[in-house]
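Read-outs throughout are calculated quantities, based only on the coordinates presented, and are distinct from any laboratory measurement. Because the structure is predicted, anything quoted here is derived from the model rather than measured. In this analysis, Cβ positions are derived from the backbone assuming ideal geometry, glycine residues included, and neighbour counts consider all displayed protein chains.
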């Protein structure tokens, strides 16, 4: 009965002493946290801090060596398939197919998540309007500018209305204006009740999150809202907070 | 099911949009068949001959006529002294020089013995062996003519019959070989590259996070290449029957069954390669070096396995193409049915099962 209460209490992700060891190396070291429904949760850390490994476990891509995780109401170890149905994912590498047209990509991912043809068609029309993409519907994705692609990839990742979407450095290499627009899309998603779990390297983006956790050497060293964190570390920006914490790292970046 | 269909459609888009690769895949069997069929022929045909006959008499001209009339030879030059022999070979004017003795017919008549020297260009030893053998035969047949009705009471006449391939056409040997190679290339190499490309592009992660079952991913990856292989199989069959005149002597159904088994095996092999590598280049290298070369060298397609050192013969036993080619030869050339190739079918099935088992297991492990 452990699996159901999360929905009632509004917790979409909960991790309890989640641990991943590769041989002698502990990539993720007993992390515990909870994410509320509709929240934007920033997951920060230097390269090699264990962010990606933690995220992979929450997505059901990697089996934890210890601890427990519940995502969208399902156990990440024993109910992987149900977890996968209820989450969206967009990775730091571009996540659509360059040699497929815009609408073909949408159709493909709609099909993979088991959406009906009619529903896919409606969603496609809606998306084209919202993103102002009408003219690009038949373009190959590879011919679009990076900012366009990232916005499209995000929209496709929440096409099937998942409970939570995992974004792995979604705005890498994108110009500030497009990043701004990208975050507007994220806010729109949360307004629809989708929880956003995002990793980023841009500290200004950390300020946009409801709450932020900062990982150092596989452990969560800080977790609070940006305002509280700045107070706690006596800093004027999230960048300063991050610098103070990251300095403690003994692990080499990968 | 909808998942699978969406995904298969996507794979077809990938292949159809990549026009260059598709053209290569569709044209490759045609080019190979034409290359092997016409350019790289191992048959001796129209070999150029130069003749040196100091005395032009009725015996020499009869032999020269017979040589010239045979499909194996063309008399291209008549020379008049031995100094001219070297330049003939040096300038590659002829592959064979026939030197008759002085007063050839006269010696033959008086002493019952005359000499012809055959000087051959042996840079290609196999060809040289064949055409000198043909030339000797033609000379012997002249002798037979000369003797007229049999005078010797004891005669052994070997009657040689070339079974299955009476005209000794090279095509009978290489059509099965090209089949074995193309199938492996398309299925194994292209499948592995297609899967590894998803890994390289990072889209594999998206698929793994999605509720898409891994077996669906695999199935949809192999479907288009399966279709392509069938198209290629049909192309090769049509070319071989109508252009090269190599008929399917045995049961066509058996041939298709064995080929489907081999395609299945090649796809499994491609899957295995894809689980071992993370870049398209590595996949290409492994398929190219690890699969193509053994097929070319160890399958008996070009070099007879029987002449190889024992160790290589053993090695050739694990090359699937060897068994497939052997089965195709039995069915297509010898004209036998599926019952004649049960051993090959059993070995190929066993290999497929092992490959599918190992690659599915590896594919699963990688997800965790």
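See the values below:
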{"quantity": "Sorted largest first, extent of segment B:47-147 alpha carbons per principal axis (Å)", "calculated": "37, 26, 19"}
{"quantity": "Segment B:146-305 shape via C-alpha gyration tensor axes, a/c threshold 1.5", "calculated": "prolate"}
{"quantity": "Choice from A:191, A:46, A:206 showing the highest fluctuation, given a GNM over chain A with Cα pairs closer than 10 Å", "calculated": "A:191"}
{"quantity": "Principal axis box of segment A:190-244, alpha-carbon based, largest edge first, Å", "calculated": "35, 25, 17"}
{"quantity": "Using alpha-carbon coordinates, inclination of helix A:146-157 to the longest axis of chain A, degrees", "calculated": "90 degrees"}
{"quantity": "Segment B:53-112: Cα Rg divided by the 2.2 N^0.38 Å rule of thumb", "calculated": "1.20"}
{"quantity": "Shape parameters for chain B, alpha-carbon atoms, Rg then Dmax in Å", "calculated": "27.8, 96"}
{"quantity": "For segment B:133-233, the Rg and Dmax computed from alpha carbons only, in angstrom", "calculated": "29.1, 90"}
{"quantity": "Three-way shape label, segment A:147-192, alpha-carbon gyration tensor, a/c 1.5", "calculated": "prolate"}
{"quantity": "Rounded tilt (10° steps) of B:58-69 against the dominant C-alpha axis of chain B", "calculated": "10 degrees"}
{"quantity": "Cβ-Cβ FRET estimate between residue A:231 and residue A:180, R0 fixed at 25 Å, reported to 0.05", "calculated": "0.45"}
{"quantity": "Hydrodynamic radius by Kirkwood, which averages 1/r over all alpha carbon pairs of segment A:215-254, in angstrom", "calculated": "10.6 Å"}
{"quantity": "Relative contact order of segment B:47-147, defined on C-alpha pairs under 8 angstrom at six or more residues apart (%)", "calculated": "32 percent"}
{"quantity": "The protein assembly as shown, Rg to Rh (Cα coordinates; Rh as Kirkwood inverse mean 1/r)", "calculated": "1.21"}
{"quantity": "With Cα atoms, 0 to 90° folded angle of helix A:117-130 axis to chain A main axis", "calculated": "80 degrees"}
{"quantity": "Most mobile of B:128, B:249, B:171 in a GNM of chain B (Cα contacts under 10 Å)", "calculated": "B:128"}
{"quantity": "Fraction of the pair-distance distribution of segment B:95-173 above 19 Å, Cα-Cα pairs, percent", "calculated": "56 percent"}
{"quantity": "Where the Cα pairs of segment A:1-124 fall when distances are cut into 5 Å bins, in %", "calculated": "2, 10, 17, 19, 17, 15, 11, 6, 3, 0, 0"}
{"quantity": "Relative contact order %, chain B, counting alpha carbon pairs below 8 Å whose residues are six or more apart", "calculated": "18 percent"}
{"quantity": "Principal axis dimensions, largest first and in whole angstrom, of segment A:107-254 by Cα", "calculated": "52, 29, 28"}
{"quantity": "Where Rh is the Kirkwood radius over Cα pairs, Rg/Rh for segment B:40-79", "calculated": "1.05"}
{"quantity": "Helix-derived mean residue ellipticity, 222 nm - over chain B, DSSP H n ≥ 4, -39500 (n - 2.57), to 500", "calculated": "-19000 deg cm²/dmol"}
{"quantity": "Segment B:1-100: Cα Rg divided by the 2.2 N^0.38 Å rule of thumb", "calculated": "2.13"}
{"quantity": "Rg followed by Dmax, in Å, when chain A is reduced to its Cα trace", "calculated": "18.3, 54"}
{"quantity": "Among B:167, B:32, B:155, residue whose mean-square fluctuation peaks in a GNM of chain B (springs only between Cα atoms under 10 Å)", "calculated": "B:155"}
{"quantity": "Segment A:20-40-segment A:109-157 distance, computed between alpha-carbon centres (Å)", "calculated": "32 Å"}
{"quantity": "At R0 = 22 Å, FRET efficiency that the Cβ-Cβ distance of residue B:38 and residue B:296 yields, to 0.05", "calculated": "0.70"}
